[in-house]
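> Pasting a structure below so you can have a look.
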Amino acid sequence: MSAVATSRTARGGLQIREPRDALAGALFIAFALAAGAISATYPLGSAMRMGSGYFPLLVSTLLGLLGAVVLLRSLSFGRVERRAEGPAFALRPALCVAAGVVAFALLVSDLGLLLATLVLTLLCGLAHRQVRFAELAGLGVVLACFGGLVFAWGLGLQLPVLPG
Amino acid sequence: MTTTKTALRRLLGLTALCASLLAGAAEWPSQPVKIVVPYPPGGAADTVARIYADALSGALGQSVLVDNRPGAGTAIAAEYVAAAPADGHTLALVPTGQLTVLPHIVQRLKFDPEKSFAPISLLAYTSVVFAANRQVPAQSLTELVELARSRPGELSYSSSGSGTIIHLAGEYFRLTSGADLLHVPFKGSAPAVTAVLGGSVDVAVDSLTILAPQIQAGKLKGLAIASRQRSPLLPDVPTVAELGYPGFEVTSWFGLSAPAATPQAIIERLNVEIAKAAASPAVQEKLAAQGLVAWPSTPEAFAEQVRSDSAKYAEVVAKSHITFD
Amino acid sequence: MDLWANLAVGFEAALTWSNLLYCLIGVTLGTLVGVLPGLGPVATIAMLLPITYGLSPAEALIMLAGIYYGAQYGGSTTAILVNLPGESSSVVTCLDGHAMARQGRAGVALGIAAIGSFVAGSLAILLVAAASTPLAEFALSFGPADYFSLMLLGLVAAVVLAQGDLLKALAMALLGLLLGLVGVDVNSGEERFTFGLPQLADGISFVVISMGIFGIGEIIANLERDESRSPLSRQLGRLLPTRDDYRRAWKPVLRGAGLGSLLGILPGGGAMLSSFASYLVEKRLARDPERFGQGAIEGVAGPEAANNAGAQTSFIPLLVMGLPSNAVMALMVGAMMIHGIVPGPQVMGERPELFWGLIVSMWVGNVLLLLLNLPLVGIWVRLLAVPYRLLYPAILLFCCIGVYSVNNSLFDVLLTVLFGLLGYLLIKLRCEPAPLLLGFILGPLMEEHLRRAMLLSRGDPSVFVTRPLSLTLLLTLGLVLILCLPRLRATRQAAFSED
């Protein structure tokens, strides 16, 4: 939950002026390198009979170049008057939401839709600043009933509803 | 030591399994029977499965459902059925290429085309048809071959995908006739035929089901049909064999198989019911509407069809260098 | 005139009680699956296909068609209210539709989406009735090179219409292209980027990507903000558009209808490409393009009109030539086959009551949808008054069920979480997700057509400029790029001066 400090007094030399873009550029380059390295192991073929590696390698190269431009553009070699704020990541919502969804996926086939919905609601509910357990439990029950009625019964999806 | 132990354990497990299966066979089918189709709903394979599923539902007194599991050139469905419990409740709709072409072009299949399945019966077949765009200056297959010889590297044919029976038919003809035709693969029959209608590809190779309506409506020129006899749907279209390539025959058939260890009693019962269904006018009529012909057989005849086609297509695959990896 | 006689046959067939009933069932179901994120018409129609055995061919086709275009109506509701594209064609509705909802104008956005869709749908159906044959011929003349150029144009359009940085948007589109290539390669049959996982052999599903990035990613990003800055406005606002709204929206609706009708005929992604194209056109034509992305009503009216028109005209290749242009149409082929009708050029002549009945029923269905949706607008908008802390678990649940039910696969849900986290990261880095989604859908198609075009031209790339259609599309692309060069410079300046 920490923010990178803002507007430090500028020094000379290499500076990151735009941390978001620097990160984005690095991310694009990383994807491009990984995808390009994998594509290079596939047959490339010729322009007429393209192999399965031709198009992905082409796209990876373009992505890498773009990533490099985005990264370079975010840097500054001289003095910087103002430095943009870096992104701050909220860990609690990310972890709680991910945990809730993963739990749902793991539980639904064995425990059924109703119980999996309750677990999902409770775990995801923890992601919010103000956690009210009674309210969450109520919401879980309502959603479980709604889900069972609409998806399993109404739309006839192949979902186990009860444990078993 | 350990290997003997595991072998022993496996043997015990197998015996127990057989016993339970034999016991289960008596009251089969105890739950809905599932026919796994390796294509999405809507195609010829799906239609064949649904027509027979309908007929079998009545005969077996249990509902027979169609389960579409498309993907990986039909390998996903085959692997699914090969690994399913051999209790007669999971069956596979087998299209021609799955056991006769796929094994020659994909190295790492998780099923054995001969050992993983117990054949039950063939169900139906349709023939492969050659048709051309109306602008192509060839009125017959013979003229097309000459045209391809005089203008090498200019003519092309479309198929519903690499490694399909349609692709094999095209390559088989290319090798037999020596006509220089470029193979252009598509994702399914619809775009393959559209490309020929629009003229970006010259020749369409596909099943009678797909091409008959286009030829009947005069949108494409019917060149030849790769069957033993002409089809009543296209009485004016000659067979390839008639045109000087004796024995040239590519049949796209559909069969029904079960996982290998399925009890013999279930296989026999299904074989009898399929023969009855195939003889009924209702089933024949529904199949005919799709350009399909009912084709029931013994399990042995089905196995023999797989063996002979597999040998034929292995040669085509090797000579035309069709590879998947 | 022939047309009127034909339409009379159609009305006679479509207005029987049973056909009306199945039309109503179809559009209601369609609206429902459209509103519920993750569930789409493809899954629904596939599930209902066996049930249609018991119906007459006309009833079955009318109901299934209703599900398809009903879902286009419903999809926009979710896009506007919770910023989730229920359908791939409502991706762009999220941009301005959701911005309008945040300003308390959700009712107006929903209203104009429904009305625009209705007007465009009606026009498109008239077009289907009057000109399906010549239009089908036009669609046929598209070769692989033309398709590639069209998709390239679509992709660049998506990049240009994205908010924020052009370069990052372009990179996102390329990233989407790469993600779209995961799975078995059609031409060689080789598995790419699957890491040996069989679940990836058929590629990543659209539902997984869109629910991950737009659903989970967006929710995490929203949760870190304060409740006071809740993304949903508490005000219900007006429910129906004002006269000023209509004045702004009528031209975009007509243009959207025209664009959608044309692009809908083309195989593959017709409805989606047309909504993107319409957005681009409206943004270009607007006197004040900076309003786009901030809740411009034109940005909702045009694309919504276009995708509904596209949904209607995508029936043309199926009905006229028997060739399905997308997954839903392939299922319609299946439905026709079940009833012993071989789709093809002969259906129009042999079964006129079925052919014209289906076309007229689509118009009747559009009327039903309007009657169904306008009163519902009030109810939908009231959803916005539900506090976000109660709403997001529900959205997450629908995403989970939607993703899980596609293949009953645990793996798909886990992959969705992964994309959710990636989506969150990208949102924090101010990378626009819409171009990624379009790249993802177009990636495999572009590769397929590029490879086919080069194969047919024997490796000669000049085919892209020697074919008139392709050349026209590429020139349009060049024009678009020139037009947005000033913006490139502007964003650079903004990067210098901003925070």
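> Within the bounds of the range C:172-191, is there any residue that is more than 9 Å from every other protein chain (Cβ to nearest Cβ) and closer than 30 Å to C:Asn6 by Cβ?
Checking the range C:172-191: not a single residue is more than 9 Å from every other protein chain (Cβ to nearest Cβ) and closer than 30 Å to C:Asn6 by Cβ.
> Going through the range A:94-112 one residue at a time, which ones are at pLDDT below 90 and either in contact with a helix residue (DSSP H, G or I) (Cβ under 6 Å, 6 or more places away or on another chain) or within 19 Å of A:Leu136 (Cβ to Cβ) (or both)?
Hits for the range A:94-112 are A:Val108, A:Leu111.
> Taking C:Gly86 and the conditions (1) at pLDDT 85 or above; (2) small (Gly, Ala, Ser); (3) over 30 Å from B:Asp54 (Cβ atoms); (4) touching a Pro at 6+ places or on another chain (Cβ under 8 Å), which numbered condition does it fall short on, given that it satisfies the others?
For C:Gly86, the failing item is (1).
> Of all residues being among the small types (Gly, Ala, Ser), part of a helix (DSSP H, G or I) and within 7 Å of another protein chain (Cβ to nearest Cβ) in the range A:112-164, which is farthest from A:Val97 (Cα to Cα)? Just the residue, please.
A:Gly147
> Which ones in the range C:394-411 are more than 7 Å from every other protein chain (Cβ to nearest Cβ), buried (at least 24 other Cβ atoms within 10 Å of the Cβ) and of a type outside the set (A, V, I, L, M, F, W, C)?
Hit for the range C:394-411 is C:Gly402, nothing else.
> Filter the range B:131-145 down to residues that are under 10 Å from B:Val203 (Cα atoms) and buried (at least 24 other Cβ atoms within 10 Å of the Cβ) and give me whichever is farthest from the chain's Cα centre (by Cα).
This residue is B:Leu144.
> Give the range C:197-218 a look and list any residue that's closer than 14 Å to C:Gly402 by Cβ and within 13 Å of chain A (Cβ to nearest Cβ), or say none.
Answer for the range C:197-218, where residues must be closer than 14 Å to C:Gly402 by Cβ and within 13 Å of chain A (Cβ to nearest Cβ): C:Val208, C:Met211, C:Gly212, C:Gly215, C:Ile216.
> Report yes if some residue within the range C:144-154 is surrounded by fewer than 22 Cβ atoms within 10 Å (Cβ to Cβ), touching a residue at least 60 places away in the same chain (Cβ under 8 Å) and not in a helix (DSSP H, G or I); otherwise report no.
No, because not a single residue in the range C:144-154 is surrounded by fewer than 22 Cβ atoms within 10 Å (Cβ to Cβ), touching a residue at least 60 places away in the same chain (Cβ under 8 Å) and not in a helix (DSSP H, G or I).
> OK, next. Looking at (1) farther than 25 Å from C:Val208 by Cα; (2) part of a helix (DSSP H, G or I), can you tell me which one C:Leu64 breaks?
(1)
> Restricted to the range B:83-112, and to residues that are closer than 21 Å to B:Arg50 by Cα and among the small types (Gly, Ala, Ser), which residue is nearest to the other protein chains (Cβ to nearest Cβ)?
The selected residue is B:Gly97.
> Of all residues in the range C:449-480, which are surrounded by fewer than 20 Cβ atoms within 10 Å (Cβ to Cβ) and of a type in the set (Lys, Arg)?
C:Arg458
> Counting just the residues of the range A:9-53 that are part of a strand (DSSP E or B) and within 9 Å of chain C (Cβ to nearest Cβ), which one comes out nearest to the chain's Cα centre (by Cα)?
In this case the residue turns out to be A:Met50.
> Is it true that some residue in the range C:283-290 is touching a Pro at 6+ places or on another chain (Cβ under 9 Å) and part of a helix (DSSP H, G or I)?
Yes, the conditions are met somewhere in the range C:283-290.
> Something else now. Which condition number does B:Gln290 fail, the rest of (1) farther than 18 Å from B:His183 by Cβ; (2) within 14 Å of chain C (Cβ to nearest Cβ); (3) assigned to a helix (DSSP H, G or I) being met?
The failed condition is (3).
> Further question on the same structure: Would you confirm whether or not the range C:369-376 contains a residue that is facing chain A (nearest Cβ under 8 Å) and surrounded by 21 or more Cβ atoms within 10 Å (Cβ to Cβ)?
no
> Only one residue in C:Ala114, C:Ala131, C:Ala106 is more than 14 Å from chain B (Cβ to nearest Cβ), out of contact with any Pro (no Cβ under 9 Å at 6 or more places or on another chain) and at pLDDT below 80. Which one?
Within the list C:Ala114, C:Ala131, C:Ala106, the selection yields C:Ala131.
> Got a sec? Which helices (runs of 4 or more DSSP H) wholly within the range B:41-102 have at least 2 residues that are among the small types (Gly, Ala, Ser)?
Because the criterion is at least 2 residues that are among the small types (Gly, Ala, Ser), the helices (runs of 4 or more DSSP H) in the range B:41-102 that meet it are B:44-60, B:75-82.
> Same structure again: From the list B:Val205, B:Val196, B:Val201, B:Val184, exactly one residue is among the β-branched types (Val, Ile, Thr) and more than 12 Å from chain C (Cβ to nearest Cβ). Which is it?
Answer to the check: B:Val205.
> In the range C:421-446, which residue that is crowded, with 24+ Cβ neighbours inside 10 Å and more than 21 Å from the chain's Cα centre (by Cα) is modelled with the lowest pLDDT?
C:Cys431
> Given the range C:398-489, what helices (runs of 4 or more DSSP H) lie entirely inside it while holding 3 or more residues that are closer than 25 Å to C:Thr93 by Cβ?
C:410-428, C:433-456
The values are calculated or read from the model by the stated rules, or taken from the named source; none is laboratory data. What you see is a predicted model; the values in this text were computed from it and never measured. Counting neighbours? That spans all protein chains shown, and the Cβs are built from the backbone with ideal geometry, glycine included.
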